[in-house]
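The values are calculated or read from the model by the stated rules, or taken from the named source; none is laboratory data. What you see is a predicted model, and the numbers here were worked out from it, not measured in a lab. In this analysis, Cβ positions are derived from the backbone assuming ideal geometry, glycine residues included, and neighbour counts consider all displayed protein chains.
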Amino acid sequence: MADAPGDDGKKGWKPATKAVRGGLMRSEHGEISEAIYLTSGFSYDSAEQAMRRMAG
């Protein structure tokens with residue numbers, strides 16, 4: 001637990017390390033890992049472009 005406001009318990013860690021190893025904010029549900037969403041989304045400039053892409 002942090003000792004003081006603004007202290008994240010990672011003294012001496014450089015910003016790049018904190019960005020990768022900083023952890024996550026838990027919700028009231030107490031999850032221990034981040035969710036994996038097995039979905040994909042795509043954006044196209046037009047319906048015609050999407051149709052051509054999906055046709056092969």
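Could you list, in sequence order, all residues of the range 4-44 that are exposed (fewer than 10 other Cβ atoms within 10 Å of the Cβ), modelled with pLDDT under 80 and among the acidic types (D, E)? Correct list: E34 only.
Selection of first residues in the range 3-25 that are on the phi > 0 side of the Ramachandran plot and of second residues that are modelled with pLDDT under 75, restricted to Cβ pairs under 8 Å at least 6 apart or on distinct chains, gives the following pairs, ordered by first then second residue: G9/M1; G9/A2; G9/D3.
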